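Engineer: Take a look at the following structure, please.
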Amino acid sequence: MTLSDEDTQAEVLSIEKIETIIEVMPEADEGDLELVAGAEPVARSQFRLITRRFFRHKPAVISTFVLLAVLVMCFGASWVAPFKRNQIDLLEPIVGPSRHHLFGIDQLGRDYFTEILFAGQVSLKIGIAVGLISTIIGFTAGAIAGYFRGAIDNALMRFTDLFLLIPGLAVLAVALKYFGYKDLTIILVLAGLAWMSVARVVRSQVLSLREKEFVEAARASGASSTRIILRHILPNMLGPIMVNATLGIAGAIITEATLSFLGFGIQPPKSSWGKMLSDAEGVIGGDKAYLIYFPGLMLLIVVLCVNFIGDGLRDAFDPQAKH
Amino acid sequence: MFKFVLRRIMFSIPLLVIASFIVFWGIRATFDPTARYRQSRDAAKVIAEKRKEFGLDRPLVAQWWSWATKFVRRDWGTSYTTGDKVTTMVSRALGFTLQLIFWGVLISLVVAIFVGVYSAVKQYSVGDVFFTSMSYLGVAMPPFWFALLLIQFTAVWPKTHWHLDHPIFYFVNLHSTGQSGINMDYIRHLVLPVLTLSVQSIAVWSRFQRASMLDVLSADYIRTARAKGLPRRTVILKHGLRNALLPLVSQTAVDAAALFGGLVITEQIFSIPGMGRLFLTALQNGDVNVLLGWMLTGAVFVILFNLLADIVYGFLDPRIRVQ
């Protein structure tokens with residue numbers, strides 16, 4: 001086909017078939033039409049394409065706003081909370097949710113909404129920190145194992161197998177006894193147990209990416225291994241890594257809550273949503289049963305939002321993936 | 001097949017040895033089994049005696065070695081707190097746990113396969129959308145909170161509001177005192193713990209089954225089967241489902257191992273004296289013999305589940321059987 005033929009065809013497409021295209025692809029917007037019609041395609045950066053696809057995923061967008069609102073409320077609790085922390089009003093009867101006390105009053109006479117906001121700081125902080133740290137460690141280990149193969153790869157796999165056997169709860173209990181009950185200890189132990197699944201995902205991705213031509217080209221032009229991993233391999237697997245990070249955050253929030261519920265996590269006077277549920281376990285069936293609803297509801301909402309954002313990210317990075 | 005099994009067992013033995021040593025060392029470094037004799041009269045003398053009795057005066061490696069050599073001769077030692085034999089404790093607890101796992105996996109599989117197949121066959125129908133949203137909720141739901149809500153809404157609330165003598169579903173242990181065997185009493189005890197145990201696996205597995213069923217239904221041999229005039233039911237169940245079950249089988253084996261961990265929460269909340277509770281009390285007391293017995297029993301189960309998965313896999317896919 002000669003150049004002029006191609007031009008004519010593009011001309012015909014752009015003028016006459018546009019309406020057909022609109023019918024066939026109802027979801028196509030200007031950008032797609034321009035590309036299909038071949039008339040002056042607008043260049044878009046990869047980043048813009050990804051953000052555009054993310055913002056088309058409605059649950060993810062709504063979740064982002066809800067999660068941001070929860071984050072702002074919790075970490076700005078000192079300004080947002082209607083009452084002071086640990087403030088006990090002895091004259092106030094212990095009552096359920098009302099206009100004055102949004103989530104009611106807890107067994108000790110404190111405003112439950114205020115307590116939830118402050119406890120959320122701990123839950124969210126631990127969840128996010130564990131998600132990020134385990135992703136960084138997991139990426140580093142997985143990339144090294146997948147890129148260099150050999151002994152390092154073997155060692156990583158055996159290490160992972162070993163920690164499938166050793167119960168995580170035992171590791172946490174020992175570490176908390178040894179280093180004392182600190183948020184940092186909990187974060188490090190949970191991250192230390194969670195990075196291995198990230199490493200496995202990263203490793204398998206790197207294994208296939210390292211055989212690609214562009215990596216060979218980079219190596220031929222003299223790029224160092226670090227540069228190849230960070231500049232050529234990492235950008236190509238950003239999608240799975242970010243999806244895994246969100247899953248990690250969701251998992252860590254639930255894990256922390258479960259541990260605190262069992263009495264192995266956050267210790268008083270500190271509190272987290274899991275700890276609040278553990279404190280409220282005794283009220284089941286009584287007139288203060290509302291105390292078990294709200295901390296769990298917060299956990300559910302936050303984890304649901306994080307999961308939806310993960311879904312949105314996956315669709316944005318990998319539009320062909322089925323779900 | 002036999003060779004494969006043997007190899008898998010051979011691989012896990014060195015890992016088990018290392019894991020048992022790490023746990024032994026970690027618990028010994030942080031827990032002192034003689035701590036509870038500190039308040040007794042002649043504390044120094046009693047503790048010295050007990051240290052000798054437990055063998056604590058010898059180096060750590062020697063202690064671990066004597067535990068290991070006894071362990072392979074089916075002497076798993078005694079509990080530091082109760083003085084009971086670990087073998088008796090484990091076998092007593094295992095009975096409860098096996099019941100829970102059996103019912104949990106069975107119910108989860110049946111519901112997940114039904115939901116998955118229905119959602120795949122009627123893709124994007126109202127039912128599919130409903131099940132999809134439920135699965136999002138199920139994945140994000142903290143299991144222990146779900147258990148608390150179940151107790152509140154299905155057991156305690158109906159009892160107080162309808163003035164029943166007994167709650168519809170019980171939430172302590174698996175039998176009322178004096179009852180045994182499979183009867184109405186057993187089922188009324190079983191419903192809530194099994195629901196707690198299976199909410200997450202139903203959510204995950206049904207999504208999994210839906211995806212693999214959709215994959216299979218778009219395959220060429222399904223179209224062929226429809227084209228030659230087979231009834232829709234036969235095509236979906238015999239040609240579709242049988243092939244779509246394969247991925248779920250391997251997933252089940254992996255997750256059933258995780259179910260072993262999920263038991264800790266379920267058994268704690270519903271006061272069922274199974275393996276999860278055994279583990280939790282042993283961990284709280286630093287009872288190293290019980291912990292190690294628990295860990296190695298758990299490891300055997302993981303291996304067994306994988307084995308079972310391989311057998312079922314061979315049953316479903318004759319190509320693997322031939323090899």
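Engineer: Regarding residue B:144, is this residue of a type outside the set (S, T, N, Q), within 18 Å of residue B:270 (Cβ to Cβ), touching a residue at least 60 places away in the same chain (Cβ under 8 Å) and within 14 Å of another protein chain (Cβ to nearest Cβ)? Let's see the steps before the verdict.
Structural biologist: Details: of a type outside the set (S, T, N, Q): yes; within 18 Å of residue B:270 (Cβ to Cβ): yes; touching a residue at least 60 places away in the same chain (Cβ under 8 Å): yes; within 14 Å of another protein chain (Cβ to nearest Cβ): yes.
Considered against the rule, which asks whether it is of a type outside the set (S, T, N, Q), within 18 Å of residue B:270 (Cβ to Cβ), touching a residue at least 60 places away in the same chain (Cβ under 8 Å) and within 14 Å of another protein chain (Cβ to nearest Cβ), residue B:144 comes out as yes.
Engineer: Considering B:54, B:24, B:71, B:102, which residue is within 14 Å of chain A (Cβ to nearest Cβ) and either among the charged types (D, E, K, R) or out of contact with any Gly (no Cβ under 6 Å at 6 or more places or on another chain) (or both)? Write out each step before concluding.
Structural biologist: Details: B:54 fails: within 14 Å of chain A (Cβ to nearest Cβ); B:71 fails: within 14 Å of chain A (Cβ to nearest Cβ); B:102 fails: within 14 Å of chain A (Cβ to nearest Cβ).
Only one candidate qualifies: B:24.
Engineer: A further question follows. Of everything in region B:270-310 that's under 30 Å from residue B:243 (Cβ atoms) and without any contact (Cβ under 8 Å) to a residue 60 or more places away in the chain, which residue is farthest from the other protein chains (Cβ to nearest Cβ)? It would help to see each step written out before you state the result.
Structural biologist: Step one: filter region B:270-310 for residues under 30 Å from residue B:243 (Cβ atoms), giving B:301-310.
Now restrict to residues that are without any contact (Cβ under 8 Å) to a residue 60 or more places away in the chain: B:301-302, B:304-305, B:308.
Working: B:301: 11, B:302: 8, B:304: 14, B:305: 13, B:308: 18 Å.
Within region B:270-310, the match that is farthest from the other protein chains (Cβ to nearest Cβ) is B:308.
Engineer: Have a look at B:82, B:34 and point out the one that is farther than 25 Å from residue A:164 by Cα and either at pLDDT below 80 or surrounded by 15 or more Cβ atoms within 10 Å (Cβ to Cβ) (or both).
Structural biologist: Details: B:82 fails: either at pLDDT below 80 or surrounded by 15 or more Cβ atoms within 10 Å (Cβ to Cβ) (or both).
The unique qualifying residue is B:34.
Engineer: Something else now. Looking at this structure, is residue A:322 at pLDDT 85 or above and of a type in the set (D, E, K, R)?
Structural biologist: Numbers: at pLDDT 85 or above: no; of a type in the set (D, E, K, R): yes.
No, not satisfied.
Engineer: Another one. For a quick check of your reading of the model, give me the residue pairs whose first member lies in region A:276-299 and is at the interface with chain B (Cβ under 7 Å from one of its Cβ atoms) and in a helix (DSSP H, G or I), whose second is of a type in the set (Ser, Thr, Tyr) and crowded, with 18+ Cβ neighbours inside 10 Å, with beta-carbon atoms closer than 9 Å and at least 6 apart or on different chains.
Structural biologist: Every condition considered, the pairs that remain are A:277/A:260; A:299/A:123.
Engineer: Here's something else I'd like to know. Residues in region B:112-124: is at least one within 14 Å of another protein chain (Cβ to nearest Cβ), free of Cβ contacts under 8 Å to residues at least 60 places away in the same chain, of a type in the set (S, T, N, Q) and surrounded by 14 or more Cβ atoms within 10 Å (Cβ to Cβ)?
Structural biologist: No, region B:112-124 has no match at all.
Engineer: On to the next question. Is it the case that region B:213-234 has a residue that's surrounded by 22 or more Cβ atoms within 10 Å (Cβ to Cβ), part of a helix (DSSP H, G or I) and within 14 Å of chain A (Cβ to nearest Cβ)? First the steps, then the outcome.
Structural biologist: Here is the first cut: in region B:213-234, the ones surrounded by 22 or more Cβ atoms within 10 Å (Cβ to Cβ) are B:213.
Narrowing further to those that are part of a helix (DSSP H, G or I): B:213.
With the extra rule that they be within 14 Å of chain A (Cβ to nearest Cβ), the set shrinks to B:213.
Yes, region B:213-234 contains a residue that is surrounded by 22 or more Cβ atoms within 10 Å (Cβ to Cβ), part of a helix (DSSP H, G or I) and within 14 Å of chain A (Cβ to nearest Cβ).
Engineer: Please go through (1) under 22 Å from the mean Cα position of the chain (by Cα); (2) farther than 26 Å from residue B:114 by Cα; (3) assigned to a helix (DSSP H, G or I); (4) without any contact (Cβ under 8 Å) to a residue 24 or more places away in the chain for residue B:181 and return the number of the only condition it doesn't satisfy.
Structural biologist: (3)
Engineer: Here's another thing I want to ask about it. In this structure, is residue A:212 under 25 Å from the mean Cα position of the chain (by Cα), exposed (fewer than 14 other Cβ atoms within 10 Å of the Cβ) and either modelled with pLDDT under 90 or β-branched (Val, Ile, Thr) (or both)? Even if it seems obvious, please write down each step before you answer.
Structural biologist: Numbers: under 25 Å from the mean Cα position of the chain (by Cα): no; exposed (fewer than 14 other Cβ atoms within 10 Å of the Cβ): yes; either modelled with pLDDT under 90 or β-branched (Val, Ile, Thr) (or both): yes.
Taking the combined requirement at face value, the residue does not satisfy it.
Engineer: So which helices (runs of 4 or more DSSP H) are wholly in region B:62-168 and hold at least 3 residues that are under 25 Å from the mean Cα position of the chain (by Cα)?
Structural biologist: On the way: elements: B:86-121, B:126-140, B:143-150, B:157-161.
Ranges flagged: B:86-121, B:126-140, B:143-150.
Engineer: If I filter region A:248-262 for residues that are touching a Pro at 6+ places or on another chain (Cβ under 9 Å) and more than 9 Å from chain B (Cβ to nearest Cβ), do I get at least one hit?
Structural biologist: Applying the first criterion (touching a Pro at 6+ places or on another chain (Cβ under 9 Å)) to region A:248-262 yields A:253-254, A:257-258, A:261.
Subsequent filtering for residues that are more than 9 Å from chain B (Cβ to nearest Cβ) retains none.
So far as region A:248-262 goes, no, none of its residues is touching a Pro at 6+ places or on another chain (Cβ under 9 Å) and more than 9 Å from chain B (Cβ to nearest Cβ).
Engineer: On the given criteria, is residue B:124 in contact with a helix residue (DSSP H, G or I) (Cβ under 8 Å, 6 or more places away or on another chain) and closer than 30 Å to residue B:239 by Cβ? Give the derivation first.
Structural biologist: Values: in contact with a helix residue (DSSP H, G or I) (Cβ under 8 Å, 6 or more places away or on another chain): no; closer than 30 Å to residue B:239 by Cβ: yes.
No: the conditions fail for residue B:124.
Engineer: Of these, B:258, B:282, which one is part of a helix (DSSP H, G or I) and either surrounded by 21 or more Cβ atoms within 10 Å (Cβ to Cβ) or modelled with pLDDT of 90 or more (or both)? Break it down stepwise before answering.
Structural biologist: On the way: B:258 fails: either surrounded by 21 or more Cβ atoms within 10 Å (Cβ to Cβ) or modelled with pLDDT of 90 or more (or both).
Among B:258, B:282, only B:282 is part of a helix (DSSP H, G or I) and either surrounded by 21 or more Cβ atoms within 10 Å (Cβ to Cβ) or modelled with pLDDT of 90 or more (or both).
Residue-by-condition table, conditions (1) modelled with pLDDT of 75 or more; (2) under 30 Å from residue A:120 (Cα atoms):
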{"residue": "A:35", "(1), (2)": "no, no"}
{"residue": "A:42", "(1), (2)": "no, no"}
{"residue": "A:55", "(1), (2)": "yes, yes"}
{"residue": "A:67", "(1), (2)": "yes, yes"}
{"residue": "A:73", "(1), (2)": "yes, yes"}
{"residue": "A:91", "(1), (2)": "no, yes"}
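Engineer: Criterion first (under 14 Å from the mean Cα position of the chain (by Cα) and not in a helix (DSSP H, G or I)) does residue B:303 satisfy it? Break it down stepwise before answering.
Structural biologist: Values: under 14 Å from the mean Cα position of the chain (by Cα): yes; not in a helix (DSSP H, G or I): no.
It is false that residue B:303 is under 14 Å from the mean Cα position of the chain (by Cα) and not in a helix (DSSP H, G or I).
Engineer: Further question on the same structure: Inside region A:148-169, can you point out the residues that are within 15 Å of residue B:22 (Cα to Cα) and free of Cβ contacts under 8 Å to residues at least 40 places away in the same chain?
Structural biologist: Keep residues of region A:148-169 that are within 15 Å of residue B:22 (Cα to Cα), which gives A:158-169.
Scanning region A:148-169 gives A:158, A:159, A:161, A:162, A:163, A:164, A:165, A:166, A:167, A:168.
Engineer: Restrict the check to region B:252-262 and report whether at least one residue is facing another protein chain (nearest Cβ under 10 Å), small (Gly, Ala, Ser) and in contact with a Phe, Trp or Tyr (Cβ under 8 Å, 6 or more places away or on another chain).
Structural biologist: Yes, region B:252-262 contains at least one residue that is facing another protein chain (nearest Cβ under 10 Å), small (Gly, Ala, Ser) and in contact with a Phe, Trp or Tyr (Cβ under 8 Å, 6 or more places away or on another chain).
The values are calculated or read from the model by the stated rules, or taken from the named source; none is laboratory data. This one's a predicted model, so the numbers in the text were calculated from it and none came from an experiment. Don't worry about glycine lacking a Cβ; one is built from the backbone with ideal geometry, like all the others, and counts go over all protein chains shown.
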